[in-house]
Amino acid sequence: GVVLQCDGLAKTYAEGRLETPVFKDLDLSVREGETVAILGASGAGKSTLLHLLGGLDTPTSGEVHVAGQRMSGLSDAERGRLRNRALGFVYQFHHLLPEFTALENVMMPVLLGGMDVPEAETRARHLLEGVGLGHRLDHKPGELSGGERQRAAVARALVNRPACVLGDEPTGNLDEKTAATVFELMLSLNREQRTSLVLVTHDRRLARRLDRVLELHEGRLRELLPDEV
Ligand code: ADP
Ligand code: ADP
């Protein structure tokens, strides 16, 4: 099935009298298990698009469907629940909570979703072991390396078994080797769990590894042919 879909998506930020649309009419459909890269220059609107897909911001017009549900038809609480259930988020900076351990950080989304503590802990522990952090469960973010923090953030994004992970430069803050490791980790989770990936990236070499590469340019989303990437 289709996990993420948008039709006629438009976004204009109201800035006084100057109202230039970031984009006016974007269509995108992401299937179950599909991996999609979004390229584009700085300011092209990649973060804006990702925020709209993730229900963190509302479009000026057009619709976003997540797991078959129309976002704009939901209350804030319902949208929050759908986001927590169906989507995972990974950013350039990890956004882990500094006072909590890696294990607690990864448990948080499932606890918020209503799972009881022992089950949440088991699931979080397995995921952290899966991303190679079995020996770092009780470490706080400040006690982890950049790559370890980002792997913990990936584990947290996946703990609810989302249909789709949205990544905004998820490896952008890491050195090349660590970036490659975290990227491979996301690809292996895609293969094992059929989690769709939509990744904003500047890195064409990484983008090339995904099923489809789209470029956002002057308000349009264009699919690049393999030899254009
Ligand atoms: P990208 O992620 O591709 O760098 P963004 O989505 O961050 O691009 O930004 C797209 C355009 O929208 C830019 O011109 C940016 O200045 C503008 N923009 C982004 N966020 C806001 C905001 N909250 N208010 C006003 N303009 C914004
Ligand atoms: P930027 O978007 O400026 O590149 P970051 O890379 O630090 O900044 O990403 C942080 C983003 O997280 C913010 O832009 C914000 O829109 C988004 N955000 C806000 N609230 C939430 C939330 N509850 N869950 C996930 N992301 C959120």
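The values are calculated or read from the model by the stated rules, or taken from the named source; none is laboratory data. Since the structure is predicted, the reported quantities are computational estimates derived from the model, not experimental observations. Don't worry about glycine lacking a Cβ; one is built from the backbone with ideal geometry, like all the others, and counts go over all protein chains shown. Protein only, heavy atoms only, side chains kept; ligands, DNA and RNA dropped before computing areas. Shrake-Rupley method; radii C 1.70, N 1.55, O 1.52, S 1.80 Å.
Tabulated data
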| item | result |
| --- | --- |
| Karplus (6.51, -1.76, 1.60) ³J(HN,Hα), θ = phi - 60°, over the stretch 30-44, in Hz, Gly and Pro reported as x | 10, 8, 4, x, 7, 10, 10, 9, 10, 9, x, 5, 4, x, 5 |
| In Hz, Karplus ³J(HN,Hα) per residue of the stretch 133-150 (6.51, -1.76, 1.60; θ = phi - 60°; x = Gly, Pro) | 10, x, 9, 10, 4, 9, 8, 8, x, x, 9, 10, 6, x, x, 5, 4, 5 |
| Inter-label distance for Arg161 and Arg220, nm, one decimal - labels placed 7 Å from Cα along Cα-to-Cβ | 4.2 |
| Under 5 Å, built H, 5+ apart or other chain: amide partners of His139 | Ala102, Leu103 |
| Separation between Cα centres of the stretch 158-190 and the stretch 44-71, rounded to whole Å | 21 |
| 0 to 90° range, to nearest 10: angle between helix 76-86 axis and the chain longest Cα axis | 60 |
| Placed amide H near Val3: partners under 5 Å, 5+ positions off or other chain | Val30, Arg31, Glu32 |
| In the stretch 1-101, the GluC sites (Glu not before Pro) that fall in loop regions by DSSP, at most 16 other Cβ within 10 Å | Glu19, Glu32, Glu99 |
| Within the chain, percent of DSSP bridges classed antiparallel, to nearest 5 | 50 |
| Long-range HN-HN contacts of Val165 with modeled amide H, under 5 Å | Gly88, Ser196, Leu197, Val198 |
| The stretch 1-68 - accessible surface per residue (Å², probe 1.4 Å) | 47 |
| Student exercise, the chain dipole from Lys, Arg, Asp, Glu Cβ charges, in Debye to nearest 20 | 200 |
| Gained length - Thr181 relative to Ser145, 0.36 nm times residue gap less alpha-carbon distance | 11.6 nm |
| Degrees between helix 176-193 axis and first principal axis of the chain (Cα, 0 to 90, nearest 10) | 90 |
| Contour excess over end-to-end distance, with Cα ends at Asp227 and Phe100 and 0.36 nm allotted per residue | 41.2 nm |
| Karplus-derived HN-Hα couplings along the stretch 208-214 (A = 6.51, B = -1.76, C = 1.60, θ = phi - 60°), whole Hz, x at Gly and Pro | 4, 7, 8, 4, 9, 10, 10 |
| Percentage relative contact order, the chain, counting C-alpha pairs under 8 Å, at least six apart | 29 |
| Accessible-area composition of the stretch 57-96, carbon plus sulfur, in percent [1.4 Å probe] | 49 |
